[in-house]
Each structure stands twice: as structure tokens, then as C-alpha cells.
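Novice: The structure under discussion is supplied below as C-alpha cells; questions concerning it will follow.
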């Protein structure tokens, strides 16, 4: 690389990303808090000239149920675990964004589109799970087509894809390429980051957020199955009330510094609902990270790039 880069990607899914693991009663405050955080995040990004990728679940791109129904895919996933099927919730959700802010996010998607430096990526149409048992072999392709159509109507032609729960296989990358996608977010290499990891590995993953176990996890851009992989480096965990925030942020800052010195990339990601509680502390952490990026920009010419922009570094280096 001619210079190091700093990439942020944000998985924007509202309650569709949590519906199979927790109830609105338990988690609704986080979803609403995440909505309130988005304009604040965008304002900070504008002030600091930060570029970022927002991966949008197609369901949330609508303002009302009538329009959402018009864009449903040709076929639906047939998960063996019926709890995973989001289509069963369509009859329960409200009629519009004002009535049901947990499931519709059109107004926020428009704000993101209108903000300089933001890239809109696909996060599937229905928060699709690629590695769950699913009897419909065509459903990923159909979901992908519906996702593109839902974003096309907003004037967006997505070239980047972020897999839900980071689940994917080579066959899914092939389908992405066939449908015009060029970039995706791959997973960190260490086994503890396997999307289907057991409880022990998930515990190690948590500890690794505060103490260096797996190393710096640089985002080394490369070709994978004909697509450009801009792999994740670190998940920005929600702020807690415990006295561990300093260790978590320091771990990220140290990795960013190493990436800058090595002329490679650092890719940070999270969800808006991760900022839903303890919002002041979450923003304090984010501001520290962005301020550190500015230092690295001055010292090492580090660039703030969304995923599509970062992918073009590989093209440049191959010329």
C-alpha cells in the first residue's frame, strides 16, 4: 500500500438483527438509543472528515409496510430453525416508521445517503443467515436481488456486502460476484472469530478485546473468490459501566498505530444499537479513536476510507 488506511463499517439493522435472540421489551431501549446515536455519529464523521460504510438491511430501508411488501423476494429462506425466519414477523410489525421505529429506518437511511463520505452497502434484505440450515437453495440469491432493488429505489447501487453474523462460504461470494458486487468484509483470521464459535472461544474473543491475545489483526486487502476482501480488524464493543473502557480503547489505538507504521489497514466495525445505552461513554470512546486517527494521519499519512474506497487501493497497487 502507498499509505495506511482506517476503515469503519456499521451494520444497520434495527431490531431485525436481534429478533431471534432477545425481545423488544428487553432490548427496545437499545434500538431507540441507536436511532438517536446515528445523527450524532454522522455529525462527528462530517466534522472530522471520516468516511464510513453503512451496511443496510433492506427491510429497514422502507417507511411503510405497503412498500416493503412490494419488494419481497421471489422466494424466502426455509430455515430448519423457524425462530430464525424474519418473514413470520411481517404480520406483527407496525404500518410505518412513525408507528414502529424498531423495524423501519427510511428517514435514517436517507440521512446517511446525504452525508459526505458515507457508502451504503447491502446487509442482505431480511438479515439473511448464510450458514444456518436452510432448505431453499435459491433463497440467498433471491434475497440479494431484493436487497439491491430496495437500495436501487433510493438511488444507490451497492457494490459492497457485509454478511449477517459474519456467516458466509465460498458459494455465497460467487453469487455476490454474479450479481455485481465487488467488495465484502471478511472475518479476522484467528479461530476464535469463527461465526459459529463455541462459548469458550467467544469468551476468549471477549478477553481479546481488552488484552492482546490474537495480535493486531491488520486489515490486509486481498482477492477472495473474485471479490475484494476488506477484512475486519476489531469489533467496537458497547461501553460498559465497569472500569475496563481504557483497556478496550487502548487495545484499538495500539493496533491502529501498528497498522499505520506497517502501511496497512485497520477496520473497525459495530452496530448503531451498540451505542444505544451509555451513549456518552460510547461517544467518548469513539472520539478518542478518531482523534488518534487524526494523529496517525499527520504522522503516517493514514487515510480515512469507506470499504469501497479502501478496495481501490488494491487496484492501484496492482497497476
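The values are calculated or read from the model by the stated rules, or taken from the named source; none is laboratory data. Everything numeric here is computed off the predicted structure, so don't read it as measured data. Quick reminder, even Gly has a Cβ in these numbers, built from the backbone with ideal geometry, and neighbours come from all protein chains shown.
Novice: Consider the range 205-223. How many of its residues are in contact with a helix residue (DSSP H, G or I) (Cβ under 9 Å, 6 or more places away or on another chain) and at pLDDT below 95?
Specialist: Qualifying residue count for the region: 11.
Novice: Any idea which residue in the range 65-87 is nearest to residue 273 (Cα to Cα), counting only those that are free of Cβ contacts under 8 Å to residues at least 60 places away in the same chain and surrounded by fewer than 17 Cβ atoms within 10 Å (Cβ to Cβ)? Show your work before the answer.
Specialist: Kept after step one, since they are free of Cβ contacts under 8 Å to residues at least 60 places away in the same chain, are these residues of the range 65-87: 65-70, 79-82, 85, 87.
Those left that are additionally surrounded by fewer than 17 Cβ atoms within 10 Å (Cβ to Cβ): 66-67, 69-70, 80-82, 87.
On the way: 66: 26, 67: 25, 69: 25, 70: 27, 80: 28, 81: 25, 82: 24, 87: 22 Å.
If we take residues in the range 65-87 being free of Cβ contacts under 8 Å to residues at least 60 places away in the same chain and surrounded by fewer than 17 Cβ atoms within 10 Å (Cβ to Cβ), then 87 is nearest to residue 273 (Cα to Cα).
Novice: Can you tell me which residues in the range 194-204 are at pLDDT below 85, more than 20 Å from residue 231 (Cβ to Cβ) and assigned to a helix (DSSP H, G or I)?
Specialist: Let us first name the residues in the range 194-204 that are at pLDDT below 85, namely 194-199, 201-202.
Retained after the next criterion (residues that are more than 20 Å from residue 231 (Cβ to Cβ)): 198-199.
Passing the criteria: only 199.
Novice: Only residues that are surrounded by 12 or more Cβ atoms within 10 Å (Cβ to Cβ), under 19 Å from the mean Cα position of the chain (by Cα) and touching a residue at least 40 places away in the same chain (Cβ under 8 Å): list them for the range 190-216, please.
Specialist: 195, 209 - these are the residues of the range 190-216 that are surrounded by 12 or more Cβ atoms within 10 Å (Cβ to Cβ), under 19 Å from the mean Cα position of the chain (by Cα) and touching a residue at least 40 places away in the same chain (Cβ under 8 Å).
Novice: Moving to a separate point now. Please give the number of the condition residue 126 fails out of (1) surrounded by fewer than 17 Cβ atoms within 10 Å (Cβ to Cβ); (2) touching a residue at least 24 places away in the same chain (Cβ under 8 Å); (3) within 22 Å of the chain's Cα centre (by Cα); (4) over 30 Å from residue 303 (Cβ atoms).
Specialist: It is condition (1) that residue 126 fails.
This table checks each residue for (1) farther than 30 Å from residue 39 by Cα; (2) in contact with a strand residue (DSSP E or B) (Cβ under 7 Å, 6 or more places away or on another chain).
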| position | (1), (2) |
| --- | --- |
| 118 | no, yes |
| 138 | yes, no |
| 141 | yes, no |
| 146 | no, no |
| 152 | no, no |
| 165 | no, no |
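Novice: Name the residue that is surrounded by the fewest Cβ atoms within 10 Å (Cβ to Cβ), counting only residues in the range 1-58 that are without any contact (Cβ under 8 Å) to a residue 12 or more places away in the chain and assigned to a helix (DSSP H, G or I). Before the answer, list the steps.
Specialist: Residues of the range 1-58 without any contact (Cβ under 8 Å) to a residue 12 or more places away in the chain: 21-23, 25-26, 43, 47.
Cutting the leftovers down to assigned to a helix (DSSP H, G or I) gives us 25-26, 43, 47.
Numbers: 25: 7, 26: 10, 43: 11, 47: 9.
Result: 25.
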